[in-house]
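Below you'll find the structure, written out as structure tokens, and then a few comments.
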Amino acid sequence: MLDNTAAPALFEAERRFAALQARGAAFLGTSYAIMGGAMSWVSERNLVAAISNAGGFGVIACGAMPPALLEAEIAATQALTTKPFGVNLITMHPKLDELVQVCLRAKVGHIVLAGGIPPGPAVRAVKDGGAKLIAFAPALVLARRFIKSGVDALVIEGSEAGGHIGPVSLTVLAQEILPHIREVPVFVAGGIGRGEAILGYLEMGAAGAQLGTRFAASTESIAHPNFKNAFIRANARDALPSVQLDERFPVIPVRGLVNAGTRKFLAHQAETLAKFQAGELDKTAAQLAIEHFWAGALRRSVIEGDVEGGSVMAGQSVGMVTAIQPVAEILEELKAQAVAALATRAPRAEGS
Ligand SMILES: Cc1cc2nc3c(=O)[nH]c(=O)nc-3n(C[C@H](O)[C@H](O)[C@H](O)COP(=O)(O)O)c2cc1C
């Protein structure tokens, strides 16, 4: 039960948490400054609409979709929510310019460009079309460059995240970038599973947070029950980056749950290397053989439920997934944790 001093402290904590989120929430047009990170195969109409309807910011993962499919996905999402949501486009997509036009025609307010430096023509097209542009900044110098080129907000994603990752943890990226970037809102991502962590980054100057793993295991996520149950079973230490066997054959770092597939990938690299050394494969063919190993593997785990052979991308935050919960409950829980942490600090802050 609350004692008679707890209610004002909670009220004040809620007010302070809302104030800390104000910039990010205003930028997104939401109640929470929380983005649902785009996840290929997972972030489709149902999850995106659920996140936006619950007061967060859903983001459709375009992935390798052709323009017509993206157009249909956006329309289907708009049928499920009147709240703002975004679309994440991969910069390497051969039809990037067309995809940007699809988003603009559908009046998508926020476009996220992922997977590398946002190309100039795409940046200009988004800006000219009146949408807000969000990009991933892997270092301070790039953050500054992106802002100069017109990017409206940044995401800094630490190596704790699920999916394709950079080499630097969010703990370090946040220290390198947050104190120096005031011009645009900066959202933090990677390994976030609780509200206290969100609060900590907001206090460091972040505008908000982006979470993927926790939403992938939500009730509204269309991921196969095997996929969600694998998340519930897993600990942080089970979500590891892909391993590269030989520096001559680079492997794109992807964080996911270790399984038979990740072990087979090591054996596959060793066999491919042996064939290369024996002169049976040239370097290009060997590199392609390694790259093709994971083709279609995320779909196999998310849609078909093959969590042993498929790619089960997950962040270290997977250890904090303990149940399949509705998105609204996840968002409320994150807020309650942040507010409770603030409430316990409030009297000390007043006395200091
Ligand atoms: C299954 C899965 C698929 C993902 N696919 C993408 C993607 O297609 N594009 C992208 O920009 N990020 C992708 N991500 C990263 C998320 O958008 C988000 O930044 C990340 O999950 C944050 O870290 P967390 O999982 O610890 O919350 C993916 C993450 C997961 C777990």
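The values are calculated or read from the model by the stated rules, or taken from the named source; none is laboratory data. Predicted, not measured: the structure shown is a model, and the values here were computed from it. In this analysis, Cβ positions are derived from the backbone assuming ideal geometry, glycine residues included, and neighbour counts consider all displayed protein chains. For the accessible areas, the whole protein counts, side chains as well, though only heavy atoms, and no ligand, DNA or RNA atoms are used. Shrake-Rupley method; radii C 1.70, N 1.55, O 1.52, S 1.80 Å.
Number of residues in segment 172-190 that are more than 18 Å from Leu28 (Cα to Cα) and open to solvent by 30 Å² or more (accessible area, probe 1.4 Å): the value is 5. Of the strands (runs of 3 or more DSSP E) contained entirely in segment 52-134, those carrying at least 2 residues that are in contact (Cβ under 8 Å) with a residue 40 or more places away in the chain fall at 85-90, 110-114.
For first residues located in segment 293-312 and free of Cβ contacts under 8 Å to residues at least 40 places away in the same chain, partners that are in a loop (DSSP other than H, G, I, E, B) and charged (D, E, K, R) and lie 6+ apart or on another chain with Cβ distances below 9 Å form the pairs Ala297/Asp306; Arg300/Asp306.
Apart from one condition, Val258 fits all of (1) over 25 Å from the mean Cα position of the chain (by Cα); (2) open to solvent by 50 Å² or more (accessible area, probe 1.4 Å); the exception is (1).
For (1) surrounded by fewer than 24 Cβ atoms within 10 Å (Cβ to Cβ); (2) within 11 Å of the ligand (Cβ to nearest atom); (3) not hydrophobic (A, V, I, L, M, F, W, C), each residue gets a yes or a no:
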| position | (1), (2), (3) |
| --- | --- |
| Ile34 | no, yes, no |
| Ala61 | no, yes, no |
| Glu71 | yes, no, yes |
| Leu96 | yes, no, no |
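Residue pairs whose Cβ atoms lie under 9 Å apart, sitting 6 or more positions apart in sequence or on different chains, and linking a residue in segment 191-207 that is modelled with pLDDT of 95 or more to a partner that is among the basic types (Lys, Arg) and away from the ligand (no atom under 13 Å from the Cβ), are Gly195/Lys335; Ile198/Lys335; Gly205/Arg182; Ala207/Arg23. Looking across segment 166-179 at every residue that is in a helix (DSSP H, G or I) and within 16 Å of the ligand (Cβ to nearest atom), the one that is nearest to the chain's Cα centre (by Cα) is identified as Leu170. Looking at Ala323, Ala286, just one residue is under 20 Å from Thr219 (Cα atoms), open to solvent by less than 60 Å² (accessible area, probe 1.4 Å) and more than 16 Å from the ligand (Cβ to nearest atom), and that residue is Ala323.
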